[in-house]
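Structure, as structure tokens:
Every number here is computed from the coordinates shown, using simple stated rules; none is lab data. This structure is a prediction, so every number in the text was calculated from the model and none was measured. Because the Cβ atoms are built from the backbone with ideal geometry, glycine has one as well, and the counts that use them run over all protein chains shown.
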Amino acid sequence: VPDHLNLLILSSQPNEAQGFVTTLRNGGLAAHGTHIQDPRQLGETAAQACDLILCCAYDAEIDVEGALEQYQALQRDIPLLLVTEGQLAPETMARAMRSGVRDLTDRDDPVRLQWIVMREYSDLQARRALAQVRSELERCKERTRDLVEASDEASAFIQQGIHLSANQTYRTLFGFAEPEDLDGYPMLDLVAPEYQAGVKAFLRKLEAGASGAPGSLDLVCRRADGSQFDAELTATLAEADGERCLRVT
């Protein structure tokens, strides 16, 4: 677990809020606490560096309902924990669960507080790391698409034999002026009839991940105007818009 936790505490008692921070530090977390009393401050304060929110639901001066409403309005991945004293009223418990409260702990149970904060913070860091990896993957995919589009090789992405997209070199080679001209266009229609069965089997083996699938295939292609040319077809597994497909060259 990372060693720095920014905690936002909803409480009418600054000293008690600081006590929670001390408890977490005693549990091995380098916690830093920000204390607020008015739930209306929640959105503005949480917009700054905030990893976790503690709401003192037992505090008579804290508007718990208001805090839950403000929390829902945040629409951010920041865990909310309720610190209670005894049992919550059933309607408050139901409202808390609907609002996305991650867990509850009694104000007199410091060990449980340490444990659930550690757990939630660790899970939060894992989600953030995953989001970063996904973002980097999307940027990588975008760069790959840009490279494919700018390539001198005639390349296209197909799925179940249908064109999803193709670069300018590919479109020019086959005589298509605009990208949308190939949308939904069967790849086999660009292959001379006597080669279509071989190309179909070649692509199916690659899509299925069959071992021993050939790396390339010699064939005769045909352009939009019906003219033909000799070609070599290669294909690799790829992904487009989150779905598995083939990149053909």
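Counting only alpha carbon atoms, the long axis of helix 110-150 and the longest principal axis of the chain meet at about 20°.
Close amide-amide hydrogen proximity is noted between residue 240 and 245, each under 5 Å apart and 5 or more residues distant or on a separate chain (H modeled in the peptide plane; Pro and chain starts excluded).
With the helix formula -39500 (n - 2.57) applied to DSSP H stretches of n ≥ 4, the chain reaches a computed 222 nm mean residue ellipticity of -13500 deg cm²/dmol.
Considering all alpha-carbon pairs of the chain, what whole percent are spaced by more than 28 angstrom?
Values: 16445 of 30876 pairs.
So the portion of pairs separated by more than 28 Å is 53 percent.
Distance from the C-alpha centroid of region 198-249 to that of region 72-127: 53 Å, rounded to the whole angstrom. In region 121-195, taking the dipole from charged Cβ atoms about the Cα centre, the farthest positive-side position among 187, 169, 140 is held by 140.
Relative to the longest principal axis of the Cα atoms of the chain, the long axis of helix 14-26 lies at roughly 60 degrees. The angle between the Cα long axis of helix 90-99 and the longest principal axis of the Cα atoms of the chain comes to about 40 degrees, rounded to the nearest 10.
Suppose we keep just the DSSP beta bridges with both residues in the chain; what percent of those would be antiparallel, to 5? Numbers along the way, then the final one.
Details: 22 of 40 bridges.
Approximately 55 percent, going by the DSSP bridge assignments.
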